[in-house]
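S.K.: The structure is given below, and queries will be raised subsequently.
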Amino acid sequence: MPNTNRHLPLTIKNLEYRHHRSTLIKQINLHVDSNGNSIILGHNGAGKSLLLKLLHGVINPTSGKIEWNGSIPASNQYWRTLLLQKPTFFQRSVQYNLEFVLHVAGMPVAQRKDLLQQALDICGLTDLAEHNANSLSGGQQQRLSLARAWVLQPDVLLLDEPTVALDPPASQVFENILYQFKQSHTKVLMTTHDLAQAKRLADEIIFMDKGEVLEQRDATEFFSAPDSVAAQNFLQGKLA
Amino acid sequence: MQDSSSIFLTAFQLIAELDSDLVEIVLLSLQVSLTAVLISTIIAIPVGAVLGTYNFRGRGFIIGVLNALMGLPPVVVGLMLYLMFSRSGPLGDLNLLFTSKAMIIAQTILITPIIASLTQQTIEDLYHHHAEQFKALGAATHKTLLPLLWDARTSLFTALLAGFGRASAEVGAVIIVGGNINHVTRVMTTTIALETSKGNLELAMALGIILLTISFSVTCLMMLIRHHQSDRKLRLA
């Protein structure tokens, strides 16, 4: 894993995304540095997942700029990877699904075996390496999704509500693995609407509401005294 | 005219005794149809896979043409090939008319659109299922083709069986380009047509029984594969 994050800070300037005459992301300006985990909080429909997809280049903004350390990289960059809420896998073994990612990313063949073994160990999948990926439980599949990210050795890991369908023990295992990424200096940008999880994981909170970023603050400060009314309502569990 | 029970009895006798004419016709039929399926597979699977995964100008038109060609009238294919392969035709020098090769070409033309179209539909569905994941992983489409084809292998095998079913039951095109020449181009379907017109109903019936058996076997195999597939999906759900 890299010791310094070559692709940060992330600077977002006047980002806007429109679809069918609706503005789903409204004039977002953000500066995200490499320190700690940034958790994007907000209600469903706040634009969290869209923002991640824009950051990963899966969709293109209508206007505005996304700069990673001052440059606008092309899509298909393997230093950043996106974990989906509902990952899909080939009807093949866990190992094959990891090998596919290594192949796609063009990892040097000499490194592949070590990376694969490392990913299986860290994500607790060594005993399941020969199992069909689609026969795994939800928690195991999300761990496989993390293993797919691990083999890419990303500088930036984007996660779109990865534990939304997991029970607390499975979420706990997932978070432990995520901690390994942080230890390896991977920047984690994750969306969630699970407050308890956000409190456990966040160093910084980016709070979104109706396509706008209302707050970007240190996590402790945010949870003790949120500025915006929407964030206060969100923390109190009130409906938006 | 003989009664139907004696026709059936003699037909079964011919099959049980492995009548040499009968065996020769069945083997030639299988050889022609299986070769046509093999050639079609080589052409249709890559075409279907590309159409199922890539978006390009004219894609919709090609898919439309393929779908239209699925219902291609065999006699028209036979006639076109006859004109091309006849002595005065543009490919007359190849001396393919009234050979089993011409029959293979005719069957290949008839079943390639079927296999390509079924492949395209299968691969397109599978690609859509994974599309967001592929984007998230930054997987270039060409690198996803082989794994997708492997995942779709059972559906693709049923597409090949559908092609084989159509090829082996085909009569219009092969009778025109093959000529139904004894010991050279006589296959099950053309022999049934000929022997029925001659009144030799026993041989026609024996071949009909074999053709039906092949057709039922293919259908059963397709059903078994589908059953196995849905069983597997349930287990993985």
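S.K.: Would you confirm whether any residue within the range A:52-65 is among the hydrophobic types (A, V, I, L, M, F, W, C) and away from chain B (no Cβ under 14 Å)?
M.R.: No, the range A:52-65 contains no residue that is among the hydrophobic types (A, V, I, L, M, F, W, C) and away from chain B (no Cβ under 14 Å).
S.K.: Something else about it: Of the residues B:ASP19, B:ASP93, only one is among the charged types (D, E, K, R), out of contact with any Phe, Trp or Tyr (no Cβ under 8 Å at 6 or more places or on another chain) and touching a residue at least 60 places away in the same chain (Cβ under 8 Å); which?
M.R.: B:ASP19
S.K.: A further question follows. Starting from residues that are more than 7 Å from chain B (Cβ to nearest Cβ) and touching an Asp or Glu at 6+ places or on another chain (Cβ under 9 Å), keep the ones in the range A:82-91 and report whichever is nearest to A:GLN118 (Cα to Cα).
M.R.: The residue in question is A:LEU83.
S.K.: Sticking with this structure for a sec: B:ASN180 fails exactly one of the following numbered conditions: (1) open to solvent by less than 30 Å² (accessible area, probe 1.4 Å); (2) assigned to a helix (DSSP H, G or I). What is the number of that condition?
M.R.: Condition (2) is where B:ASN180 drops out.
S.K.: Out of B:LEU224, B:LEU156, I need the residue that is within 14 Å of chain A (Cβ to nearest Cβ) and either at pLDDT below 90 or open to solvent by less than 20 Å² (accessible area, probe 1.4 Å) (or both). Which one?
M.R.: B:LEU156
S.K.: On to the next question. Given the residues B:LEU156, B:LEU160, B:LEU148, B:LEU201, which is the only one that is more than 22 Å from the chain's Cα centre (by Cα) and closer than 30 Å to A:PHE100 by Cα?
M.R.: The unique qualifying residue is B:LEU148.
S.K.: Next question. Looking only at residues in the range B:123-151 that are facing another protein chain (nearest Cβ under 7 Å) and open to solvent by 40 Å² or more (accessible area, probe 1.4 Å), which one is farthest from A:LEU159 (Cα to Cα)?
M.R.: Here the answer is B:LYS143.
S.K.: Sticking with this one: If only one of A:ALA129, A:ALA46 is away from every other protein chain (no Cβ under 13 Å), over 15 Å from the mean Cα position of the chain (by Cα) and free of Cβ contacts under 8 Å to residues at least 40 places away in the same chain, which one is it?
M.R.: Checking each option against the conditions leaves just A:ALA129.
S.K.: Let me ask you something else. Give the residues of the range A:205-221 that are on the phi < 0 side of the Ramachandran plot and in contact (Cβ under 8 Å) with a residue 60 or more places away in the chain, sorted by residue number.
M.R.: Residues satisfying the conditions are A:ILE205, A:ILE206, A:PHE207, A:MET208, A:ASP209, A:GLU212, A:VAL213, A:GLN216, A:ALA219.
S.K.: From the list B:LEU18, B:LEU51, B:LEU9, B:LEU38, exactly one residue is among the hydrophobic types (A, V, I, L, M, F, W, C) and closer than 22 Å to B:VAL174 by Cβ. Which is it?
M.R.: B:LEU38
S.K.: Could you list, in sequence order, all residues of the range A:130-181 that are among the basic types (Lys, Arg) and open to solvent by 40 Å² or more (accessible area, probe 1.4 Å)?
M.R.: Correct list: A:ARG143 only.
S.K.: Applying the selection to the range A:156-196, what residues are part of a loop (DSSP other than H, G, I, E, B) and either within 14 Å of chain B (Cβ to nearest Cβ) or touching a helix residue (DSSP H, G or I) at 6+ places or on another chain (Cβ under 6 Å) (or both)?
M.R.: Of everything in the range A:156-196, those that are part of a loop (DSSP other than H, G, I, E, B) and either within 14 Å of chain B (Cβ to nearest Cβ) or touching a helix residue (DSSP H, G or I) at 6+ places or on another chain (Cβ under 6 Å) (or both) turn out to be A:GLU161, A:PRO162, A:THR163, A:ALA165, A:LEU166.
S.K.: Name the residue that is nearest to the other protein chains (Cβ to nearest Cβ), counting only residues in the range A:92-123 that are part of a helix (DSSP H, G or I) and of a type in the set (S, T, N, Q).
M.R.: A:ASN97
S.K.: What about B:THR112, is it under 20 Å from B:GLY78 (Cα atoms), assigned to a loop (DSSP other than H, G, I, E, B) and either within 14 Å of chain A (Cβ to nearest Cβ) or open to solvent by less than 30 Å² (accessible area, probe 1.4 Å) (or both)?
M.R.: No.
S.K.: Looking at (1) part of a strand (DSSP E or B); (2) within 12 Å of chain B (Cβ to nearest Cβ), which is the only condition A:ARG18 fails?
M.R.: (2) is the only condition that A:ARG18 fails.
S.K.: Please go through the range B:55-84 and pick out each residue that is within 19 Å of B:ILE175 (Cβ to Cβ) and in a helix (DSSP H, G or I).
M.R.: Those that are within 19 Å of B:ILE175 (Cβ to Cβ) and in a helix (DSSP H, G or I): B:PRO74, B:VAL75, B:VAL76, B:VAL77, B:GLY78, B:LEU79, B:MET80, B:LEU81, B:TYR82, B:LEU83, B:MET84.
S.K.: Which residues, taken from the range A:182-197, are open to solvent by less than 10 Å² (accessible area, probe 1.4 Å) and over 13 Å from A:LEU83 (Cα atoms)?
M.R.: Across the range A:182-197, the qualifying residues are A:THR186, A:LYS187, A:GLN197.
Yes or no, residue by residue, for (1) open to solvent by 40 Å² or more (accessible area, probe 1.4 Å); (2) in contact with a Phe, Trp or Tyr (Cβ under 9 Å, 6 or more places away or on another chain); (3) within 20 Å of A:LEU144 (Cα to Cα):
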{"position": "A:GLY47", "(1), (2), (3)": "no, yes, no"}
{"position": "A:THR62", "(1), (2), (3)": "yes, yes, no"}
{"position": "A:LYS65", "(1), (2), (3)": "yes, no, no"}
{"position": "A:ILE72", "(1), (2), (3)": "yes, no, no"}
{"position": "A:TRP79", "(1), (2), (3)": "no, yes, yes"}
{"position": "A:PRO87", "(1), (2), (3)": "no, no, yes"}
{"position": "A:VAL94", "(1), (2), (3)": "no, no, yes"}
{"position": "A:ASN97", "(1), (2), (3)": "no, yes, yes"}
{"position": "A:HIS103", "(1), (2), (3)": "yes, no, yes"}
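The values are calculated or read from the model by the stated rules, or taken from the named source; none is laboratory data. As the structure is a computational prediction, the values presented were derived from the model and not from experiment. Every residue, glycine among them, receives a Cβ derived from its backbone with ideal geometry; neighbour counts consider all protein chains shown. Note: areas computed on protein heavy atoms with side chains; ligands, DNA, RNA excluded. Shrake-Rupley method; radii C 1.70, N 1.55, O 1.52, S 1.80 Å.
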